[in-house]
1. Kindly indicate whether PHE110 is closer than 27 Å to ASN196 by Cα, modelled with pLDDT of 90 or more, in a loop (DSSP other than H, G, I, E, B) and aromatic (Phe, Trp, Tyr).
2. Among the candidates LYS2, LYS41, which residue alone is part of a loop (DSSP other than H, G, I, E, B) and either out of contact with any strand residue (DSSP E or B) (no Cβ under 8 Å at 6 or more places or on another chain) or surrounded by 12 or more Cβ atoms within 10 Å (Cβ to Cβ) (or both)?
3. If you go through segment 113-140, how many residues are part of a loop (DSSP other than H, G, I, E, B) and either touching a residue at least 24 places away in the same chain (Cβ under 8 Å) or in contact with a Pro (Cβ under 8 Å, 6 or more places away or on another chain) (or both)?
4. Select from segment 188-217 the residues that are open to solvent by 50 Å² or more (accessible area, probe 1.4 Å) and farther than 29 Å from TYR24 by Cβ and list them in ascending order.
5. (1) without any contact (Cβ under 8 Å) to a residue 40 or more places away in the chain; (2) part of a loop (DSSP other than H, G, I, E, B); (3) open to solvent by 60 Å² or more (accessible area, probe 1.4 Å); (4) not aromatic (Phe, Trp, Tyr): which one isn't true of ASN13, the others all being true?
6. Looking at the structure I just gave you, is THR76 surrounded by 18 or more Cβ atoms within 10 Å (Cβ to Cβ), touching a residue at least 40 places away in the same chain (Cβ under 8 Å) and out of contact with any strand residue (DSSP E or B) (no Cβ under 8 Å at 6 or more places or on another chain)?
7. List the number of the failed condition for THR251; all other conditions in (1) closer than 16 Å to PHE110 by Cβ; (2) surrounded by 15 or more Cβ atoms within 10 Å (Cβ to Cβ) hold.
8. Of the numbered conditions (1) within 23 Å of GLY150 (Cβ to Cβ); (2) in contact (Cβ under 8 Å) with a residue 40 or more places away in the chain; (3) open to solvent by less than 40 Å² (accessible area, probe 1.4 Å), HIS258 fails exactly one; give the number of that condition.
Amino acid sequence: MKPFESFLSPQLNEFLTYRETLGYTMRRRRSHLIAFDRYLKDTDANWNSFEPSFFLRMRADLGKEPRHTNQILIITRVFFQFLLRRGYLEENPLQDVPLLKENVSVPFLFSPEQTDQLLAAFCKRIRRREEFFLSDLAMYLAILLLARCGMRISEPLRLMRQHYRRDDGTLYIEKTKFKKDRLIPAPIAIITEIDNYLAVRRHLQLDDHNPYLLAGKKEKPLSEYQVRSTFHQAVKNIGLQQQRRVMGNMTFNPPVPHSLRHSFAINTLRKIIERGDSAQDALPVLAVYLGHSTYFCSSVYLKITDAKSRNDLYDFTVWQKWKI
């Protein structure tokens, strides 16, 4: 892990520690703060440098895509708010520095058939040797929960054993993105898969003290990095690998684990529409199930009709670039 090197390194480390005690995961934010730290070092900045003009220059000098630059500006603004509360500064110099205009981000979407293909590819990757079988099965279950319950990747990995309530067929999800706990009903197929996994786990690990539902090594949860790596290999195996592509004011994102959450929401709304019901009326329920702060966050899914429409548009942009 790269250390901070600017004159603000003590305050940056203090800020990270503070945020982590609040329950935030700072790994990605740390990389954004590293970019800010390097800029401070490269420009020989000091406390007297912190004027709005300094950050306007930084915004231009970073040379990154608007979305990435904005992420750096946002966490840096939060950092300076922290400095303000701690008495290092009298005002936040980033308060009135505007963010850059971002492209429209179009997520990759799996059709129901492609989701099934991906899960089948995960099944094929489960190794039968005893030392690998349980962890591979747990990784399959993690992806299954993303695909069938629309979870964020961190949510199945943080589930504790007591969070699975077999008697009423529910999963209790704590400390979500918006710090909202939620209790969701699990499909019968999911309950069956979890029960099978727990039965195998009891058989293979007689002295099992791992508190997590999906067990990793040494009484820890599964590794998110390992789940992501296996996901990308499975995507490649079924021929759905795509490059990130920018066309005009639109950015088409490649398949990532979070794509399964988007796909779950959109495919659910599509089924509701196909049976003649109102997708708009279903949004509040979907928002609660997904753990959104408000149902307005879920309304974005009404703007994309299905995976085919998204992928046809992606193919068109590839053809246009080749044509030019």
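1. It is true that PHE110 is closer than 27 Å to ASN196 by Cα, modelled with pLDDT of 90 or more, in a loop (DSSP other than H, G, I, E, B) and aromatic (Phe, Trp, Tyr).
2. Just one listed residue meets the conditions, LYS2.
3. Count: 1.
4. Across segment 188-217, the qualifying residues are ILE188, ALA189, THR192, GLU193, ASN196, ARG202, HIS203, LEU204, GLN205, LEU206, ASP207.
5. Looking at each condition in turn, ASN13 falls short on (2).
6. So THR76 passes the test.
7. Status for THR251: all satisfied but (1).
8. Going through the list (1) within 23 Å of GLY150 (Cβ to Cβ); (2) in contact (Cβ under 8 Å) with a residue 40 or more places away in the chain; (3) open to solvent by less than 40 Å² (accessible area, probe 1.4 Å), HIS258 breaks only (3).
The values are calculated or read from the model by the stated rules, or taken from the named source; none is laboratory data. Quantities reported herein were computed from a predicted structural model and do not represent experimental measurements. So basically every Cβ, Gly included, is an ideal-geometry build from the backbone, and we count neighbours across all protein chains shown. Ligands, DNA and RNA are excluded from the accessible area calculation, which covers all protein heavy atoms including side chains. Shrake-Rupley method; radii C 1.70, N 1.55, O 1.52, S 1.80 Å.
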